[in-house]
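S.K.: I'd like to ask some things about the structure below.
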Amino acid sequence: MLTHASSYFQLCSEASSHRQQTVGGGERGCDLYDGEWVYDESYPPLYDSSKCPFDVQEFNCQKNGRPDTDYLRYRWEPSSCDLPRFDGLEFMEKWRGKKVMFVGDSLSLNQWVSLSCMLHASLPPNSNVSISENRITRTHLFRDFELSVIYYHSLFLVDVVLEPSFGRVLDLDSIEQGRKNWVGIDMFIFNTWHWWSRKGPSQPWDYIRYRNTTHRDMNRVKAFAKAMTTWTTWVDGYVNSSSTKVFFQGISPNHYSGVQWGETSRETCMGQTQPSSPHVSYPHQTRTDPISVNVVKKAIAGHLFSNKIKLLDVTYLSTLRKDGHPSKYGRFRLDCSHWCLPGIPDTWNHLLYVSL
């Protein structure tokens, strides 16, 4: 667990109310992110992963032997309104000839595969789709609509550069590697956080640089905040908000400790088959994820009112879904970070669709 400087902890420790995006519903609108998960047997998954050509096996929990299916029957229900049904054909028609890019770590990959499968399930039989990849991106092309749905892998959004005198340097002020490849995109969905706490052999950098000073390490939350400032500066300088939509995915929680939902620390997502009740206190999350959420909200606060950046504020609704992870039915011995597909990222994309 990260240790945070007390002044910064005090600045960020009060968790936000998870209330950002509002739509319709009268004068105050509807808060899409305040609600509960409702079990509904009549609510089928939005796609059959066995029929999706974009399926990634590590997320396909049913194919990997998960025996229960109730986790597929929960739908997110906001407290103040009903969500319209996802309409993939409408989405593709609206974004005909456009490019949609997910930028981030493997949680962006999770959401990218989800949206691609949701759109594919909406197509009539024998529709023309293709898959391509190069050193930088992976692309799903829906040829009938000339719509490209792209994944660009980036752990930190800012650059990691290889320097002979230092090794791998995480440069908090530089976003050149991404900037050169984020050209001609009509909608972005960005994400980063999960790799910021990595230490030891899994840490993919050796030094960290800020304002031309190179450090062996620094407070990771502060580093994350500085990187978010670099990213929002890029948005301000390079994104034309009249023609390009920018979303930040929000912070996806993990479920490696049962303390999060009122059980012992030995409990994990393994064997969980139901969501947690809404409005539960999460002591562990109060010390970690809400701090990262508040860093994100602080970084983009000035952009929310101008609609230059929109936040998919998925932390709270995802925190309730301790049952939604692959656990042992994925790529790793225990995966309580990523999400089964079909599953929770489908709801993220549903809310993306509504927010558009």
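S.K.: Restrict the check to the stretch 296-305 and report whether at least one residue is over 17 Å from His194 (Cα atoms), at pLDDT 95 or above, in a loop (DSSP other than H, G, I, E, B) and not small (Gly, Ala, Ser).
M.R.: no
S.K.: Please find, among Ser148, Ser154, the residue that is within 22 Å of the chain's Cα centre (by Cα), crowded, with 19+ Cβ neighbours inside 10 Å and closer than 26 Å to Asp217 by Cα. It would help to see each step written out before you state the result.
M.R.: Values: Ser148 fails: closer than 26 Å to Asp217 by Cα.
Matching residue, one of Ser148, Ser154: Ser154.
S.K.: Among residues belonging to the stretch 161-195 that are under 17 Å from Lys226 (Cα atoms) and touching a residue at least 60 places away in the same chain (Cβ under 8 Å), point out the one that is farthest from the chain's Cα centre (by Cα).
M.R.: This residue is Gly178.
S.K.: Exactly one of (1) closer than 27 Å to Thr347 by Cα; (2) at pLDDT 95 or above; (3) in contact with a strand residue (DSSP E or B) (Cβ under 6 Å, 6 or more places away or on another chain) is unmet by Gln249. Its number?
M.R.: Condition not satisfied by Gln249: (2).
S.K.: Looking at Arg73, Arg135 in this structure, which one is charged (D, E, K, R) and closer than 24 Å to Trp339 by Cα? Don't jump to the end; show me each part of the working.
M.R.: Numbers: Arg135 fails: closer than 24 Å to Trp339 by Cα.
One residue alone meets the criteria, Arg73.
S.K.: Restricting attention to the stretch 217-258, report how many residues are in contact with a Lys or Arg (Cβ under 8 Å, 6 or more places away or on another chain), without any contact (Cβ under 8 Å) to a residue 24 or more places away in the chain and assigned to a loop (DSSP other than H, G, I, E, B).
M.R.: Summing the residues that are in contact with a Lys or Arg (Cβ under 8 Å, 6 or more places away or on another chain), without any contact (Cβ under 8 Å) to a residue 24 or more places away in the chain and assigned to a loop (DSSP other than H, G, I, E, B) in the stretch 217-258 gives 0.
S.K.: So, Ser242, is that one at pLDDT below 95 and under 22 Å from Val314 (Cβ atoms) or not?
M.R.: no
S.K.: Quick check, is Thr192 under 23 Å from Thr232 (Cα atoms) and either polar (S, T, N, Q) or in contact with a Gly (Cβ under 8 Å, 6 or more places away or on another chain) (or both)?
M.R.: yes
The values are calculated or read from the model by the stated rules, or taken from the named source; none is laboratory data. Just so we're clear, the structure is a prediction, and the values are computed from it rather than from any experiment. No Cβ is skipped: glycine too gets one built from the backbone with ideal geometry, and neighbour counts run over all protein chains shown.
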